[in-house]
Amino acid sequence: HERVLVLGPHTDDAELGCGGTIARWLSEGHSIQLAIFSTAEASLPSTCRYDQLEHECRVAATRLGLKPEQLHISNYEVRTLPHHRQEILEKLIRLKKESGLRKIGHTASMIPVNMGHNYILYTCRVKS
């Protein structure tokens, strides 16, 4: 069985982008950790709960089959991930060690569609 670290720049990226794959890997017995870097609270309309996207992410992760300890949510402000480069790198290194990975890499990735996605992909490829 493989150890997999799934990275989502924002809530809903991993769940919508590769939720089916996460569920399949879990059903096959692989060890999955899901790291989210921004809950994107500033993107929500004022009529929403401030933690709406984090709540939805936790519900989706549970429905996919992840346990609470397999979900790691950071709350970097949306569209500011490059400003937190060192913190994100340290978090990636810690998650790598905690999940028993020898190397952070990828065999498939979502196509980056904004700066946050590009930044997380770049950090994984170059820094770890």
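Please treat every number below as a calculation from the coordinates, not as lab data. Because the structure is predicted, anything quoted here is derived from the model rather than measured. We place every Cβ from the backbone using ideal geometry, glycine too, and count neighbours over all the protein chains shown.
Below is a table of values for the structure above.
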| quantity | calculated |
| --- | --- |
| F37 long-range amide H proximity, modeled H, under 5 Å | G8, H10, S74 |
| Whether region 1-98 is rounded, prolate or oblate, judged on the alpha carbon gyration tensor where a/c under 1.5 counts as rounded | oblate |
| Label-point separation in nm, E87 to T47, each point 7 Å along Cα→Cβ | 3.1 nm |
